[in-house]
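Every number in this text was worked out from the coordinates using simple rules, so none of it is lab data. Keep in mind it's a predicted model, so treat the numbers as computed, not measured. Virtual Cβ from ideal backbone geometry, glycine too; neighbours counted across all protein chains shown.
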Amino acid sequence: METTRSTIYMMYKRSAERGTVFGLYLTSIFLSMAFGITNQAFSVLLFALMCGVPFLIYYWLRNTYKQQNGLSDFSALWMEGIAIFFFGGLLTSFFAFVYIQAVNPHFIETMMQASVDAYHQNPWQGGEVMVEGIETAIKKHIIPSAINVVVDGMWLIVFSGSMLSMLMALLVKMRPIKNGNKMF
């Protein structure tokens, strides 16, 4: 029983430590998105950083798998990935909230307007209804609050992170660990 508690404690400890680093990584993604509206170089950085997320999660889960000599369960690796996204998302949400509230109070409205502008430059089928809704919200000043946007963003991070962690845990488990002459 004590071994199980210790293992669970270590998983959450590892996840919190990695989640702190990941939170800074996700914050850089958020800031690249925020500054990408006015500077295309940040859009390229945003794309590169977003592409790096699966590799980073795989690296961390694979590292855990190796440390445990290939004895980690799929569910334990998946839960560790979810926890990394949760802790990282908390940190990112804090920074995003501070940015939206203190640094750029018109951020949400700017992003909404950027969505409308992007649609008008490149319309897609079925997008008219969404754009009309956004335009109406802007005209009537029905802009979501910073906390609503941040909480929704946090849920998006955790949900998408759960899906990605499931895939990465599966990939980690599929590749055996070579330890001398033994395969674990």
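Structure notes:
- Dipole in debye (nearest 20) - the chain, about Cα centre, beta carbon charges: Lys, Arg +1; Asp, Glu -1: 1020
- Note on segment 106-184 and segment 22-87: Cα centroid distance 14 Å, given to the nearest whole angstrom.
- Per-residue ³J(HN,Hα) for segment 50-66, Karplus 6.51 cos²θ - 1.76 cosθ + 1.60, θ = phi - 60°, Hz, x for Gly and Pro: 5, 5, x, 4, x, 5, 5, 5, 4, 4, 5, 5, 5, 4, 4, 4, 5
- Each residue of segment 159-173 was assigned a 3J(HN,Hα) from its phi angle through the Karplus expression (A = 6.51, B = -1.76, C = 1.60, θ = phi - 60°), giving 5, 5, x, 5, 5, 5, 5, 4, 5, 5, 4, 5, 5, 4, 5 Hz with x at Gly and Pro.
- Size-normalised alpha-carbon gyration radius of the chain, reference 2.2 N^0.38 Å: 1.26
- Sorting 17-27, 85-95, 62-72 by their mean Cβ neighbour count within 10 Å, with the most densely packed peptide first, gives 85-95, 17-27, 62-72.
- Computed FRET value (nearest 0.05) for ALA48 with GLN113, which takes r as the C-beta separation and R₀ as 35 Å: 0.85
- FRET efficiency for GLN121 and PHE94, using Cβ-Cβ distance with R0 set to 30 Å, rounded to 0.05: 0.35
- Where the Cα pairs of segment 17-112 fall when distances are cut into 10 Å bins, in %: 16, 39, 28, 13, 5, 0
- Share of pairwise Cα separations in segment 26-81, more than 16 Å, in percent: 53
- As a calculated quantity, the FRET efficiency between ALA16 and TYR59 at R0 = 22 Å, using C-beta atoms, amounts to about 0.80.
- Phi-based couplings in Hz for segment 152-158 (Karplus 6.51, -1.76, 1.60; Gly and Pro marked x): 4, x, 4, 5, 5, 4, 5
- Between 0 and 90 degrees, the angle of helix 2-36 with respect to the longest Cα principal axis of the chain falls at about 30 degrees.
- Stretchable slack from ASN69 to PHE35, in nm (0.36 nm times residue separation minus alpha-carbon distance): 7.9 nm
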